[in-house]
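The values are calculated or read from the model by the stated rules, or taken from the named source; none is laboratory data. Keep in mind that this is a model prediction, so the values were computed, not measured. We place every Cβ from the backbone using ideal geometry, glycine too, and count neighbours over all the protein chains shown. Quick note on the areas: whole protein, heavy atoms, side chains included, nothing else; ligands and nucleic acids left out. Shrake-Rupley method; radii C 1.70, N 1.55, O 1.52, S 1.80 Å.
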Amino acid sequence: MATLTNAPALRRKARRERLRTLGFLSPWLVGFTVFFGYPLVATVYFSFMHYNQVQAPTFVGLRNWRYVLEQMPLFGPALWNTLWLVVVMVALRVVFGLGIGLLVTKVKSGVGFFRTAFYLPYLAPPVAATVAFVFLLNPGTGPVNDILGSIGIHAPNWFNDPAWAKPSLVLLSLWGIGDLMVIFMAALLDVPKEQYEAADLDGAGAFHKFRYVTWPSITPIVMFAVVTGVVQTMQYYTQALVAGKLASGVSVGPGSVIQPGYPDHSTLTVPQLVYSLGFQNFNTGAACVLSLVLFAIAMAVTTLLMRKRAGLLSADD
């Protein structure tokens with residue numbers, strides 16, 4: 001009888017608990033719905049529509065998908081450039097960031113100076129950093145080619161050469177490696193010193209200490225750097241667009257439209273193609289298809305990296 005009498009009170013208490021939990025979750029739920037859920041649903045919807053942002057959308061079925069996957073000539077080069085940057089840029093940024101972090105943590109004096117010197121380039125705005133880098137690597141007036149020529153090295157054309165345009169963007173990303181350096185420095189300084197002392201007693205060298213002491217401790221941070229790097233590089237837009245426009249030498253005026261990807265579509269990425277289709281050609285349906293393809297690839301790569309068999313996480317993590 002007591003249980004039956006308290007049943008309504010227990011239900012009210014459970015309801016209050018659910019409402020309280022929902023109240024705490026509401027900021028995240030609102031943000032997720034407004035900034036992720038609704039845009040994703042709208043993107044899927046418009047991918048099956050013909051919509052020029054002026055007239056009402058009309059259903060066209062899989063026409064946009066067939067156009068992007070079968071008929072769009074720039075989709076292949078843009079996807080290849082994006083995946084190339086994901087593989088090469090992310091790998092080199094992680095290696096260089098970890099290497100600089102190791103070097104700075106080993107410095108006995110002037111640590112603050114080196115931290116500042118390596119971190120400052122990361123604070124430069126992307127457009128300003130790209131403009132400066134294109135100027136430095138200009139084959140005609142840039143000081144880098146003059147210095148290389150003075151010591152007898154044949155300098156490439158950098159952003160004006162299709163074979164060197166993407167490596168030049170990688171160099172630009174390595175110049176701003178300060179964010180990963182700081183993250184890896186924090187992880188390296190968090191490794192217990194007792195483990196290094198035990199390794200010294202066992203006669204372990206520098207390589208074995210890194211392999212069996214440092215690496216297992218910083219593996220989760222490496223995973224974080226790789227996953228966030230993949231997601232960021234999949235959205236690579238500003239630096240490639242600005243570098244291509246500046247290297248082409250074409251003046252940009254009011255109302256002018258410049259096709260991205262100079263030279264020879266070597267710096268064209270999928271985000272640039274999305275912008276060109278959606279906001280220059282007003283082909284919203286095809287732009288949404290490209291966005292969904294990019295989203296699917298990013299999710300697939302991230303899922304693959306998050307699996308333990310990808311080799312970045314040990315069995316105990």
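Just one residue in the set Val95, Val54 is among the aliphatic types (A, V, I, L, M) and part of a loop (DSSP other than H, G, I, E, B); that residue is Val54. Between residues in segment 127-140 that are crowded, with 20+ Cβ neighbours inside 10 Å and residues that are in a loop (DSSP other than H, G, I, E, B) and among the small types (Gly, Ala, Ser), which pairs lie under 8 Å by C-beta distance while being six or more apart or on different chains? Taking only residues 6 or more apart or on different chains, the pairs are Ala129/Gly176. Just one of the numbered conditions (1) of a type outside the set (A, V, I, L, M, F, W, C); (2) in a helix (DSSP H, G or I); (3) open to solvent by less than 50 Å² (accessible area, probe 1.4 Å); (4) under 22 Å from Ala243 (Cβ atoms) is not true of Asp146: (3). Against the test of being within 15 Å of Asn283 (Cα to Cα), part of a helix (DSSP H, G or I) and open to solvent by 100 Å² or more (accessible area, probe 1.4 Å), the options Tyr67, Tyr38, Tyr45 yield a single qualifying residue, Tyr45. For segment 265-308, the set of residues classified as open to solvent by 50 Å² or more (accessible area, probe 1.4 Å) and either touching a residue at least 12 places away in the same chain (Cβ under 8 Å) or among the basic types (Lys, Arg) (or both) consists of His265, Tyr275, Gln280, Phe282, Phe295, Met306, Arg307, Lys308, listed by residue number.
Screening the candidates Val30, Val44 for the property of being of a type outside the set (Asp, Glu), within 25 Å of Tyr236 (Cα to Cα) and under 29 Å from the mean Cα position of the chain (by Cα) yields one hit, Val44.
Residue count for segment 11-41, restricted to those that are of a type in the set (Val, Ile, Thr) and either assigned by the TED database to the domain that holds Val289 or closer than 24 Å to Ala296 by Cβ (or both): 3.
Count of segment 228-264 residues, restricted to those that are under 20 Å from Ala129 (Cα atoms), in a loop (DSSP other than H, G, I, E, B), open to solvent by 50 Å² or more (accessible area, probe 1.4 Å) and at pLDDT below 90, is 5.
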